[in-house]
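*Asks:* Before we start, here is the structure in question, set down as structure tokens.
The values are calculated or read from the model by the stated rules, or taken from the named source; none is laboratory data. This structure is a prediction, so every number in the text was calculated from the model and none was measured. Cβ: placed from backbone, ideal geometry, glycine included. Neighbour counts: every protein chain shown. For accessibility, only protein heavy atoms count, side chains too; no ligands or nucleic acids. Shrake-Rupley method; radii C 1.70, N 1.55, O 1.52, S 1.80 Å.
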2 protein chains.
Amino acid sequence: MSRLNLTTQRKAILDLVQSCEDHPTAAEIMERLRMNGHQFAYGTVYNSLRYLTDAGLIRELKLGETASRYDGRTEDHYHIVCKKCGRVDEVLSAPPADWIREVAAKTNYDVHHSQVVFEGVCYSCKHPNA
Amino acid sequence: MSRLNLTTQRKAILDLVQSCEDHPTAAEIMERLRMNGHQFAYGTVYNSLRYLTDAGLIRELKLGETASRYDGRTEDHYHIVCKKCGRVDEVLSAPPADWIREVAAKTNYDVHHSQVVFEGVCYSCKHPNA
DNA sequence: AATTAAATTTATACTAAGTCTAAATACTAC
DNA sequence: GTAGTATTTAGACTTAGTATAAATTTAATT
């Protein structure tokens with residue numbers, strides 16, 4: 001682990017991701033950077049996203065779509081995806097420790113981490129004319 | 001939903017996936033089919049895997065790698081991936097219903113399904129010289 | 001059994017997301 | 001200021017998967 005090196009590009013990308021209410025893909029990040037007057041090389045954006053992810057400053061979300069999404073919230077949390085509209089919301093309740101212990105015991109693994117993606121239908125899609 | 005139509009190709013692919021102890025990718029499935037003397041078009045394998053998945057005969061696993069994996073076990077279950085060796089094991093304990101209810105209440109979603117991928121270190125990697 | 005219609009397979013072109021590479025640029029330490 | 005390292009850039013390349021159009025198979029109708 002070496003010292004954190006936030007270049008202009010990395011800083012701009014970090015700021016952008018942290019300012020997002022949603023969970024943009026790399027392509028969406030590039031688009032928003034361009035709208036803010038930045039124009040970085042394609043590879044630089046991917047490089048920086050990986051660097052920032054490795055540094056623990058942002059999170060990469062793999063929600064089962066083709067592209068990864070990025071999240072400026074670094075606390076441990078999960079996500080729920082609406083099957084109808086594709087919207088993604090945060091889930092802050094952690095899986096019960098009992099369950100994790102049970103899984104560790106049954107599988108003989110040291111469990112370090114879990115990714116959970118819930119799928120369902122969001123409030124707006126349930127009540128279309130509210 | 002129309003009647004199930006298991007062509008020669010689909011049947012061979014279903015048989016193969018069901019006979020696997022592991023969770024092969026589409027590329028691995030093609031390779032194993034070839035070893036069994038089958039030679040199907042590239043697109044047919046993808047088509048068939050989707051067909052079989054939609055029919056509920058196999059499952060598509062998105063474990064955060066670049067390629068999907070396929071699983072002949074159709075009961076509801078989850079997976080745990082070893083960070084060291086990449087091995088994937090089954091997790092048969094379901095997440096506690098209380099937790100799911102809590103998530104549904106907090107997010108205002110109807111929760112239909114959850115995908116859970118645990119990450120950790122498997123027994124063999126923990127005890128390298130056993 | 002021959003004819004038509006529908007579904008499926010095949011081969012191949014294409015797309016999307018991301019990685020790799022080599023040259024150019026920027027930063028750091030002396 | 002110069003040498004050395006790290007980063008950015010542009011663009012080629014890779015991987016996984018989708019789309020398309022022609023050929024083949026299967027099923028239904030007569």
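*Asks:* For residues in the stretch B:50-64 being open to solvent by less than 50 Å² (accessible area, probe 1.4 Å) and either among the polar types (S, T, N, Q) or within 14 Å of DNA strand D (Cβ to nearest atom) (or both), which is nearest to the chain's Cα centre (by Cα)?
*Replies:* Of everything passing the filter in the stretch B:50-64, B:Leu61 is nearest to the chain's Cα centre (by Cα).
*Asks:* Only one of B:Asn47, B:Asn36 is outside the structural domain of B:Phe118 (by TED's automatic domain parsing), farther than 30 Å from A:Asp110 by Cα, away from DNA strand D (no atom under 13 Å from the Cβ) and open to solvent by 30 Å² or more (accessible area, probe 1.4 Å); which?
*Replies:* B:Asn36
*Asks:* Considering only the stretch A:111-120, I want to know if a residue exists there that is open to solvent by 10 Å² or more (accessible area, probe 1.4 Å) and at pLDDT 95 or above.
*Replies:* There is at least one residue in the stretch A:111-120 that is open to solvent by 10 Å² or more (accessible area, probe 1.4 Å) and at pLDDT 95 or above.
*Asks:* Another question about this same structure. Run A:Val45 past the list (1) at pLDDT 95 or above; (2) more than 22 Å from A:Ser114 (Cβ to Cβ); (3) away from DNA strand C (no atom under 16 Å from the Cβ) and report the number of the one that doesn't hold.
*Replies:* Every condition holds for A:Val45 apart from (3).
*Asks:* Could we say that B:Asp22 is in contact (Cβ under 8 Å) with a residue 60 or more places away in the chain and exposed (fewer than 14 other Cβ atoms within 10 Å of the Cβ) here?
*Replies:* Yes; evaluated as a whole, the condition is true for this residue.
*Asks:* Any idea which of (1) within 14 Å of the chain's Cα centre (by Cα); (2) open to solvent by less than 40 Å² (accessible area, probe 1.4 Å); (3) more than 14 Å from DNA strand D (Cβ to nearest atom) is the one A:Arg73 doesn't satisfy?
*Replies:* Failing condition for A:Arg73: (2).
*Asks:* Let me ask another. Can you tell me which residue within the stretch B:20-33, out of those that are more than 14 Å from DNA strand D (Cβ to nearest atom) and at pLDDT 95 or above, is nearest to the chain's Cα centre (by Cα)?
*Replies:* B:Cys20
*Asks:* Also, I was wondering about something else. Being open to solvent by 40 Å² or more (accessible area, probe 1.4 Å) and facing another protein chain (nearest Cβ under 7 Å) is the filter here, so list the residues in the stretch A:93-110 that pass it.
*Replies:* Across the stretch A:93-110, the qualifying residues are A:Pro96, A:Glu102, A:Lys106, A:Asn108, A:Asp110.
*Asks:* Checking the conditions here, which among A:His79, A:His113, A:His127 is at the interface with chain B (Cβ under 7 Å from one of its Cβ atoms) and not aromatic (Phe, Trp, Tyr)?
*Replies:* The unique qualifying residue is A:His113.
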